[in-house]
């Protein structure tokens, strides 16, 4: 029975060595992750209405942008090149 008492003392003795949790303040809320913004520029080489994002993306890559998207501009769909800014 002495060994049971000894082992329980070890557990109790190690408990105060734990670090207390950081206090939470009102309004801390969930942690936020910084996100990069996306900038758009209308493609200079894309001709016609943008109906396929793959065609738009291919043209934008030839212009040096990482990807492209089709977006409405008034009543037309145009190709816009996108990059992280």
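Only the coordinates and a few stated rules stand behind these numbers; no lab work does. All figures in this text were calculated on a predicted structure; none of them were measured in a lab. In this analysis, Cβ positions are derived from the backbone assuming ideal geometry, glycine residues included, and neighbour counts consider all displayed protein chains.
Things to note:
- When peptides 62-69, 42-49 are sorted by average Cβ neighbour count within 10 Å, with the highest value leading, the order is 62-69, 42-49.
- Fewest-first sequence of 70, 85 by Cβ atoms within 10 Å of each Cβ: 85, 70
- Ranked 35, 57, criterion: other C-beta atoms within 10 Å, fewest first: 35, 57
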